[in-house]
Amino acid sequence: MTKEAEQHIYTLFILSDSTGETAVTMIRAALAQYDEKEINILRYKNIRNEDQVRSIIDECFEKRGMIAYTFASPTLRQKTADLCFEKSIPSIDFLGPLIQTFDHFFGVPSSKQVGALRQTNDLYYKRIEAIEYTVRHDDGKTLNELDKADIVLVGISRTSKTPLSIFLSHKGWKVANVPLVLGSPLPEQLFKIDQRKIVGLIIDIDSLQRIRKNRLEKFGQDRGGEYASIQHILKEIEYAEGIYKQNKRWPVFNVTERALEETASEIVRIIASRMGLPESVLF
């Protein structure tokens, strides 16, 4: 092989009506077998019409490149294939043959939805981001970036703040929860955020005492301590109710004997209504 041939730069053109990530991933996997080649990858995203396709293929022809494409649109797939054939440009259709095979296998045509994989990935990463945020902001661990929460839950101990937060985060909601501690002032950060995001939680006295006693027993601690005493619980509930009365913009949910999913659903409905979110966020 001559020195001139060794220095040749190969240009790959990637065309997509979405991000082109599908083609990039597959090409890079294949190129691992050609580590001695100098390769330039040009990606063209969000292609919507034949004129765009024609312009890119003309450029590819001038550079003696290769075309790889992922189009949900059958029209764009066919046009790309025809133009590449006319100009004798090497090309590969990553999505078309797979969709045709699936059409035959399932017995129904594809939805031809542009960027369907990207949309799925976006939802997945949004959920992961929400879960990570929620875990960091559980039980007032940190108040940093409290303004980035979609929902902020406040309540005394054992009012389902954490279970509700985790449940909602798996639905894609960033949730922070802040404990109400008897005798302790509320953090000032709580009043610097959009008050429409804040939701108060409350529970009946008898139910809360039973939950706390069971928790103490589970961890081998004294069930007769102040934490589970009626007198102390009454003070905590009165303290929480006083805070809710002072902050009338916060909706308050009584979680007594209620399914987690039911409470979470109602919280989302209230938040969506207050924030002007579409009904599609409801569950």
Using a Cα-Cα cut-off of under 20 Å, which lysines could be cross-linked to LYS37, ignoring same-chain neighbours fewer than 8 residues away?
LYS3, LYS63
3J(HN,Hα) from dihedral phi, the stretch 55-60, Karplus parametrisation 6.51/-1.76/1.60, rounded to Hz, x for glycine, proline:
4, 5, 5, 4, 5, 4
Binning at 10 angstrom from zero up to the longest distance, how are the C-alpha pair distances of the stretch 9-114 distributed in percent?
14, 47, 30, 8, 0
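If you average 1/r over every pair of different alpha-carbon atoms in the stretch 124-281 and take one over that average, what Kirkwood value in Å do you get?
Values: mean 1/r = 0.0619 Å⁻¹.
For the stretch 124-281, the Kirkwood estimate is 16.1 Å.
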Distance (nanometres) between label positions extended 7 Å along Cα→Cβ at LEU182 and ILE205
1.2
Quick check: from the Cα gyration tensor, does the stretch 12-71 come out rounded (a/c under 1.5), prolate or oblate?
oblate
Find the centroid of the Cα atoms in the stretch 22-41 and in the stretch 197-248, then give the distance between the two in whole Å.
60
If unit charges are put on Cβ atoms (+1 for Lys and Arg, -1 for Asp and Glu) and the dipole of the chain is taken about its Cα centre, the option from TYR133, ALA23, PHE13 lying farthest towards the positive end turns out to be TYR133
Principal axes of the chain: Cα extent on each, largest first, Å
88, 44, 38
So, with +1 on the Cβ of K and R and -1 on the Cβ of D and E, and no other charges, what is the size of the charge dipole of the stretch 9-114 about its Cα centre, to the nearest 20 debye?
140
If each DSSP helix of 4+ residues adds -39,500 (n - 2.57) and the sum is divided by the residues in the chain, what number results at 222 nm, nearest 500 deg cm²/dmol?
-14500 deg cm²/dmol
Would you order LEU31, LEU15 from fewest to most other beta-carbon atoms within 10 Å of each residue's own beta-carbon?
LEU31, LEU15
Residue farthest toward the positive end of the dipole of the chain, with Cβ of Lys/Arg at +1 and Asp/Glu at -1: which of ILE270, PRO185, GLY242?
GLY242
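Since every read-out is calculated from the coordinates, none of them should be taken as a lab result. This one's a predicted model, so the numbers in the text were calculated from it and none came from an experiment. Ideal geometry is used to build each Cβ from the backbone, glycine not excepted, and the neighbour counts take in all protein chains shown.
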